[in-house]
1. Give the residues of segment 460-508 that are surrounded by 22 or more Cβ atoms within 10 Å (Cβ to Cβ) and without any contact (Cβ under 8 Å) to a residue 60 or more places away in the chain, sorted by residue number.
2. Take the conditions out of contact with any helix residue (DSSP H, G or I) (no Cβ under 7 Å at 6 or more places or on another chain), modelled with pLDDT of 95 or more, surrounded by fewer than 22 Cβ atoms within 10 Å (Cβ to Cβ) and at negative phi and apply them to residue 176. Does it pass?
3. Please count how many residues of segment 402-428 are touching a residue at least 60 places away in the same chain (Cβ under 8 Å), in a helix (DSSP H, G or I) and under 20 Å from residue 60 (Cβ atoms).
4. Out of contact with any strand residue (DSSP E or B) (no Cβ under 8 Å at 6 or more places or on another chain) and not in a loop (DSSP other than H, G, I, E, B): does that describe residue 175?
5. Given (1) crowded, with 17+ Cβ neighbours inside 10 Å; (2) at pLDDT below 95, where does residue 288 come up short, assuming only one miss?
6. If you check residue 375 against the conditions, is it touching a helix residue (DSSP H, G or I) at 6+ places or on another chain (Cβ under 7 Å), crowded, with 18+ Cβ neighbours inside 10 Å and assigned by TED's automatic domain parsing to the domain that holds residue 428?
7. Could you run through segment 124-160 and say how many residues are more than 20 Å from residue 57 (Cα to Cα) and within 21 Å of the chain's Cα centre (by Cα)?
8. Can you find even one residue in segment 310-333 that is more than 28 Å from residue 429 (Cα to Cα), surrounded by 14 or more Cβ atoms within 10 Å (Cβ to Cβ) and out of contact with any strand residue (DSSP E or B) (no Cβ under 9 Å at 6 or more places or on another chain)?
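The values are calculated or read from the model by the stated rules, or taken from the named source; none is laboratory data. Note that the structure is a prediction, hence the values are computed from the model and not measured. Neighbour counts run over all protein chains shown; Cβ positions are idealised from the backbone, glycine included.
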């Protein structure tokens, strides 16, 4: 009897399991099962939580660089050292205002047009006109200068090469943009080129035979955005994905016992923190922020919830070596001291145990988001730990975009988030955007002129270890954000894949170096 339905692709099975009743799924798979063994799918299937908003670097560029579709002028090594990318080198004038980035010869875009200095300058000018790190830099002009891109500044910026390693600084062909500079196609220079893209969930790519560097070992790759961490873990366990990114602690523990995958984990320059609106009347005094910090059992959260070896003793993790200050007294957990600080500010327990001061009841709304599955879990623990000192927390798990929106309109009170210090390989980029004086993902309602002056001086290339240590001390004392844990990145990779290396700067999945052993 002829079959009425084609076989169900292996890659869809985990998605079907998440949506269909078991009996219906079994019937579907049985009805569509091939009578003969199907050839192995030689595509490397990548799964992560990030949706593809559009073929637009300013919104989805982090996917394009991680998948090896697009590249930047400057790269970063695992230890944070800057390395040549599409630029083989760079130089700066003695006054620090004129930079030249000499381009690699023979590089072609995926539409087979040459990567010229004019094309690279065009891509950077388009990026500078959109929200992102380049928009805030003191850039006077970006132009082509022979075989180089010339960037003229209005004031020195020693960290400029690091900003050109950030994903929104990726170099795309002129045909990748429409007349208004909007991204309409991903036409990069990377080892893989897009063959199909279906926003917001998927893309496919194949090795670019005109790539200037070493060819990938695996010719075909795909990317699927899967928001639910449980589904991502199931896809890894069942073999429906080869490379699964961003797993929750429970999934890591389970997959660690699986024969199907190997779990990889590495410390990365990212901190789980509590963003605090220092302009809120309940949170304006540094002593209140210190009390909230004292209420947090970081070691308990790290070990029991995140399954990390330790909590965060300060904002900058050891993986951000130049900014981590080992001389700082680590942030402590002391409930009695927290209560005393709040009592000294006139807060006294009400009949329900929640603190009151006059007509005010100490209740706050905490925003967080499920894209990182550990955040709602940690938020639930913080709710209990803050209640222990008389502070009520109402959790609102929502879209991550609500955090910058709440920052901009002033409505945000506190938010739990994960902040990456590696998007720009020199952390001064994040420090400037978050704390000098405020930023959507950093400080809110906080202005410390001494810190701002210090950060801007460091950005100009003035000062060194002592100045960075002082900056870390100010953040530890004022607590415009409250650190909780230092991150580890975890992923599951099929056991027949070798060559996995986690990029601590989260710029690349490292797909070109992977090999399939079967």
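1. none
2. Numbers: out of contact with any helix residue (DSSP H, G or I) (no Cβ under 7 Å at 6 or more places or on another chain): yes; modelled with pLDDT of 95 or more: yes; surrounded by fewer than 22 Cβ atoms within 10 Å (Cβ to Cβ): no; at negative phi: yes.
In short, no.
3. Selection size over segment 402-428: 1.
4. yes
5. Answer for residue 288: the failing condition is (2).
6. It is false that residue 375 is touching a helix residue (DSSP H, G or I) at 6+ places or on another chain (Cβ under 7 Å), crowded, with 18+ Cβ neighbours inside 10 Å and assigned by TED's automatic domain parsing to the domain that holds residue 428.
7. Summing the residues that are more than 20 Å from residue 57 (Cα to Cα) and within 21 Å of the chain's Cα centre (by Cα) in segment 124-160 gives 1.
8. Yes, some residue in segment 310-333 is more than 28 Å from residue 429 (Cα to Cα), surrounded by 14 or more Cβ atoms within 10 Å (Cβ to Cβ) and out of contact with any strand residue (DSSP E or B) (no Cβ under 9 Å at 6 or more places or on another chain).
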